[in-house]
1. If you stretched the chain out fully between R226 and C344, how much longer would it get, using 0.36 nm times the residue separation minus the C-alpha to C-alpha distance?
2. Once the piece of chain linking V177 and Q95 is laid out straight, how much longer is it, given 0.36 nm per residue of separation minus the C-alpha distance between them?
3. Pull out a ≥ b ≥ c, the square roots of the eigenvalues of the alpha-carbon gyration tensor of the stretch 140-188, then state rounded if a/c is under 1.5, prolate if not and a/b is larger than b/c, and oblate in the remaining case.
4. Considering only protein heavy atoms, with the full assembly of protein chains and a 1.4 angstrom probe, order F28, F182 by accessible area, largest first.
5. Give the separation of the Cα centroids, the stretch 99-134 to the stretch 141-204, in Å.
6. How much solvent-accessible surface does F189 expose, in Å² to the nearest 10, with a 1.4 Å probe and all protein chains in place?
7. So if each residue of separation counts as 0.36 nm, and I subtract the Cα-Cα distance between A115 and Q56, what length gain in nm does that give?
8. So, taking all protein chains as they sit and a 1.4 Å probe, how much accessible area belongs to K81, in Å² rounded to tens?
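The values are calculated or read from the model by the stated rules, or taken from the named source; none is laboratory data. Note that the coordinates shown come from a computational prediction; the quantities given were computed from them, not determined experimentally. With ideal geometry, Cβ positions are generated from the backbone for all residues, glycine too; neighbour counts draw on all protein chains shown. Surface accessibility is based on the protein's heavy atoms, side chains included, excluding ligands, DNA and RNA. Shrake-Rupley method; radii C 1.70, N 1.55, O 1.52, S 1.80 Å.
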Amino acid sequence: MAVTAGLICCAAVGVGFYGNSETNDGVFQLLYALDHANQTLTGIDSLVASTTLQMQGELEQHLARLNELLASRGDYVQTLKFTQQLASSIALQLQGLPAWRGVSAELTELSGQVAYVEYYRWLAYLLFFILVLTVCLLACLGLAKHSRCLLVMVLCCGLLMLVLSWASMAVDTAAAVGTSDFCVAPDKFIMNQTDDEISTEVVHYYLYCDQSLSSPFQQALTVFQRSLTTMQIQIQGLIQYALPLFPTAEKDLLGVQQLLNSSETSLHQLTALLDCRGLHKVSWGLAGDQLWGSPCGATSAVLPVSHQDYLDGLIGICYDGVEGLLYLGLFSLLAAAAFSTVICAAPRAWKQLAGRDRDYDDMDEEDPFNPQARRIAAHRPARGQLRSFCSYSSSLGSQSSLHPPAQTVSNAPVSEYMNQAVLFGGNPRYENVPLIGRGSPPPTYSPSMRATYLAVTDEHVRSRGDFPA
């Protein structure tokens, strides 16, 4: 039974290590997706803020100075006013884009909490595995060495580990069920959680990323691009025709042109970041609501994007994470079975040890040929010699006053020896030679043989007339 418990314990720890590693991989894949999505949203806010600042701050300063320099030409002033109107239009379109600052802060907080919990979860299970192996080793050692102290310790630790195993199984099962419920319909959960901060149209666009759906940012980006192109044409005309007449306006005209080129670069970057394919990076051709129920090899009209945030997070938590939790639940079940076996085996082993002690205590402690008596005598103080069949020196007197019977060689048949052995020992298996007349005790004997031998010896002494002084 102990061997069975040890094998189950080793198998449980192996399964637990695999499940713990799988869960950790899935959670870190989710964290990576959250961090990457957070960086994307932070980049969108940064580009919008910088472009708006350029349109409302630096560009207005250059246009104001150009108005002063080109005030003598009414057509040039009209061109500058038109450019100012286009810049205001771009700033207005940028302000209409959703602000991701609040969502980014929530993602950062969520990522930090998940990383914190996962670290201590992984560490706790690692210590749990070590504790399980230690208790199993103590159980095997206690049963092998027949140690009552170790058995008591193993019984207490086994009860504790049994409770911890069932508690771990309950936590793993609850986590796996909750995660599975989320993975069945993750899109609905996310839309309900973000309903107050982001419009449903934007959330739907990022979750499904269907090519048939139009981008909610398409109109703003189109107005931005057209206005920017018109402004570049106007400024290029001023550089071509007004600059020869007003050389002092060169610095401001070139500054406006540089700002417009920088804004064009920001426009391209912003268009790429706002595209759903930047966050919803499809590699398996699975939509969010098709994460479960579709084969992994399913293919459709996939978008040629190499990275994915949304699906990476779902795959990490819904595949690796749930799989790891199931293996951890199996570990807890096997560990509970192993410790239940240990707890059931401990009382039985205790009874066996008690029976061995009783059998060992039946042996005579005064027997000089008993190993236990030798150990006891080594720890006891010396005392007066007692009358023994091993020597005739006792309280009867000195060795000179005693006359032990002379040793005689008997030619009696074996049957007579057997009869005498039965007479004095009650069991012929202890000695097949007569005890009377021997100068040394038999090599093996029973306590009843010794009592009979002492009685015969006392009778023999009385018959000789030898009495103690």
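1. On the way: separation 118, 0.36 × 118 = 42.48 nm, distance 8.13 nm.
Gain in length upon complete extension: 34.3 nm.
2. Using 0.36 nm per residue and subtracting the Cα-Cα distance, I get 25.3 nm.
3. prolate
4. Details: F28 110, F182 55 Å².
Greatest to least solvent exposure: F28, F182.
5. 13 Å
6. Accessible area, nearest 10 Å²: 100 Å².
7. Difference between extended and current length: 17.2 nm.
8. Counting only protein heavy atoms, the figure is 110 Å².
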